[in-house]
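Comments concern the structure below.
The values are calculated or read from the model by the stated rules, or taken from the named source; none is laboratory data. Values in this document were obtained by computation on a predicted structure and should not be read as measured data. All Cβ positions, glycine included, derive from the backbone under ideal geometry; neighbour counts span all protein chains shown. Accessible surface is based on the protein model in full, side chains and every heavy atom, while ligands, DNA and RNA are left aside. Shrake-Rupley method; radii C 1.70, N 1.55, O 1.52, S 1.80 Å.
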Amino acid sequence: MRYIGGILVRHGPGIGVAAVMAAVVAGPRWWLLGTSAPGGARVPISPWGASNIGLDESLYGASLREAYDGVPSLLTRYTGLSNRAPALPGAFWVQVDGLLGRFTGGPFHAQAITFTIATVATMLLLYVLALEISGSRLIAMAAVPSALVFGEVFQQVGSSIPLAHFSLWRPVLQIDPGRSFHPWYRFIAPSMVLAPFFGSVIAIPRAIETGMRRWMLCASAALALVIYSYLFYWIALALALGWWGLTLLMRRDAAAAGRLAALTIIAGVLALPELIARLAAGASLSADARARIGVHHLQVNASLASSSGRLALFCLPIVYLLVRERDERRRFYVALLLSPLILAPFEGVLPQPDHFLSLVWPPFAVPALLAAGSVVLQTLRRHYATAGGAAVMLLAVLAVSHTTVIQARALQAVNPSFAVSSDEDAALSWLRTQAVRGAVVVSPSVITNILVASLTPAPRYVKDGFVTSPSDAELVDRFLRAEAAYGFNADDALGRLVPVNRPLAAGTAATLQRSVEKGAAFYLLNDEVSVPGSVAQRIDGWRSQYLALVAERDVLRAYRADYLYCGPRERLWTASAAARGTMVRLVFRRATVAIYQRTSPSDPAAMEFKGCDG
């Protein structure tokens, strides 16, 4: 107790700042889970109106629900996922949250719990890392909120030259979050990997220097958890460790290089199930699935190479400051600083290599920035000790205020989009409790499909191309059959397949939802949409296919279809003439929402489905 008391006396202010920042970051999730929504019922995800966080979390909603509904297994992480899903970033945590959700009331509450624990650990470990690098409790206390601001600023400014593109600073100066929370915490993968990453940055150098068993085990465990958490992090970290290992050998420090190799091997053994799952998932992907997630053949992306090059130039003074002395930790920090920049330009092997810049580089740069900043401050402290301390305190206050306002404004902006009407809430509740287990729900709406897959056990008829491996032909066929069943005219149906990089996030609620629905091709074909020609050349063929489907009887019969959902989004486009022969009976109605069950013509309650208002 005396030892703990001593820690609290010495580091109470720093621990307090870490706790405050953890509350600022984690608070919005609890707000969105635990409060009533304005004008509707609260839901834990936002497929519309929440910009990056909405798009990213939509990828995980269905996986969380399936892990919760199925029999979660950490060795067979995709239990319940149909059509073989590729390995999503953070899939290990999806299964953890699915299993934990059985004891907490649902997978999203479990996600909030694990997220909060990870956030508190991240802030505390960041404080410890900054204290270890700087030797100053004041600097370490200021480093926690400053690192968060650095991540937010980089998300806005990127690798551009600020003086040449001053408009990029406007969101930063106006504290405009752009309908999204802090970029490090917007979806499962980066939020859950930060704590083990900072833990590994602390533990690995200590293990290399001392060879002590406890540090070797801590370093191996942290590195293994990084592997389980986020593909992009462990690949960049592996490159950094390999680079550092080579420098140790070149400096003839065989003992240190051997310890590094040993802890890396131990981590690999601990993470073997994850590594096997990654390899198996990658090997099983079809050619179409690879194209949809941007995995095809290795090539250099000129734009990403240019961005990496500009950041490398920015890093040169930092590298110079850190390599002047024989300090192996600083060499490790330099390797961390540069490894994401080396990997980012290469596309075709991993989906979205830009994540090496946007999500990996800022945290990887933190140790080097702290070390370089400490060198500068130590120099200035000889002449300006009082002014330097005051400047650090001012920086801490500004950083805490900036992050707090960013999170509060983001919550205010996206709050309405984490809600559905009471009518839709009742319909989703009916599907959770009354629908036949495994029954498939049909809707032409992107948003409805995501809500149904995330909030009920029911699979969806129209699938998301990123998380399944059917061919493009099947994905588009499912989509067109749903459109034909609801009676949309060809221009409206095909207009949603016109290549658009991603849905816009601006305007009124109605405008936002319509823009997401217009981006249907983005959800069906994903990365292929970033190459418009690959989609546009197929539009004419899809038009002919759609016209044939409109004339087909019982158009949904090609795939299992049990329920047809009719809500406000299913009425965004005017229905003209639904394909004939889809027999249904009404099983749920509440004001603006109805659910129909497919049935046989012999059913006394059977009627022909003629669209939501037919």
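Note: region 295-365, Cα convex hull, 79 Å³ per residue.
Counting only heavy atoms of the protein chains, get the accessible area per residue of region 386-519 (1.4 Å probe) and round it to a whole Å² value. Walk me through the intermediate numbers first.
Values: 4660 Å² over 134 residues.
Result: 35 Å² of accessible area for each residue.
Please sort 605-611, 442-448 by packing, taking for each peptide the average over its residues of neighbouring beta carbons within 10 angstrom, highest first. Spell out each step's value before the answer.
Details: 605-611: 16.3, 442-448: 26.7.
Taking the mean over residues of other Cβ atoms within 10 Å, the ranking is 442-448, 605-611.
Distances between placed amide hydrogens fall under 5 Å for Phe588 paired with Ile595, all partners being 5 or more residues away or on another chain.
Unpaired Cys in the chain, meaning no second Cys C-beta under 4.7 Å: Cys218, Cys315.
Under the combined filter of DSSP loop state and at most 16 neighbouring Cβ atoms within 10 Å, region 324-370 retains these trypsin sites (Lys or Arg not before Pro): Arg324, Arg326.
Packing-wise, with mean Cβ within 10 Å as the measure, how do 104-112, 91-99 rank, highest first? Walk me through the numbers on the way to the answer.
Values: 104-112: 20.8, 91-99: 25.3.
Peptide ranking by packing, descending: 91-99, 104-112.
Derived scalar couplings between HN and Hα for region 559-567 equal 9, 4, 8, 10, 10, 10, 9, 10, x Hz in order, rounded to whole Hz, by the Karplus curve 6.51 cos²θ - 1.76 cosθ + 1.60 (θ = phi - 60°), x for Gly and Pro. Counting only the Cα atoms, the chain fills a convex hull of 161 Å³ per residue. Helix 328-343 and the long axis of the chain differ in direction by around 30°, with both axes built from C-alpha atoms. When both region 29-47 and region 553-599 are represented by their alpha-carbon centers, they are found 28 Å apart. Heavy atoms only, probe 1.4 Å: what % of the accessible area of the chain goes to carbon and sulfur, would you let me know? Exposed carbon and sulfur together represent 64 percent of the surface.
Taking the average, over residues, of other Cβ atoms within 10 Å as the packing measure, peptides 354-361, 267-274, 52-59, 302-309 rank 354-361, 52-59, 267-274, 302-309 from highest down.
Helical runs (DSSP H, four residues minimum) scored at -39500 (n - 2.57) apiece and divided by the length of the chain put the mean residue ellipticity at 222 nm at -21000 deg cm²/dmol. In the chain, the longest principal axis of the Cα atoms and the axis of helix 51-69 are about 70 degrees apart. Give the separation of the Cα centroids, region 172-227 to region 316-356, in Å. That distance is 16 Å. With the Kirkwood sum run over all distinct C-alpha pairs, region 416-479 has a hydrodynamic radius of 12.6 Å. Taking every protein chain into account, the accessible area of region 212-285 amounts to 47 square angstrom per residue (probe 1.4 Å). Ranked from largest, the principal axis spans of the Cα set of region 497-614 equal 50, 34, 24 Å. Shown here for region 179-213: chymotrypsin sites (Phe, Trp or Tyr not before Pro) in loop regions (DSSP other than H, G, I, E, B) with at most 15 other Cβ atoms within 10 Å, of which there are none. Here's the picture: charge each Lys and Arg Cβ at +1 and each Asp and Glu Cβ at -1 in the chain, and of Ala302, Leu556, Thr119 the one pushed furthest to the positive end of that dipole is Thr119. In region 112-213 the Cα-Cα distances spread across 10 Å bins starting at 0 as 14, 35, 33, 15, 3, 0 percent of all pairs.
Note: region 189-337, Cα convex hull, 134 Å³ per residue. What the Cα atoms of region 159-249 give is an Rg and a Dmax of 17.8, 52 Å.
The 3J(HN,Hα) values that the Karplus relation (6.51, -1.76, 1.60; θ = phi - 60°) gives for region 297-314 are, in residue order, 9, 5, 7, 9, 8, 4, 5, 5, 4, 5, 5, 5, x, 5, 5, 4, 5, 4 Hz. Gly and Pro appear as x.
Starting from region 394-438, pick out the trypsin sites (Lys or Arg not before Pro) whose DSSP state is loop and whose Cβ has at most 16 other Cβ atoms within 10 Å.
Values: sites: Arg409, Arg432, Arg437; in loops: Arg437.
The qualifying sites are Arg437.
Backbone phi angles across region 407-414, fed through the Karplus curve with coefficients 6.51, -1.76 and 1.60 (θ = phi - 60°), yield HN-Hα couplings of 5, 5, 5, 4, 4, 4, 6, 9 Hz in residue order; Gly and Pro are listed as x. For region 278-305 and region 135-155, what is the separation of their C-alpha centers, rounded to whole Å? Value for the Cα centre distance between the two parts: 35 Å.
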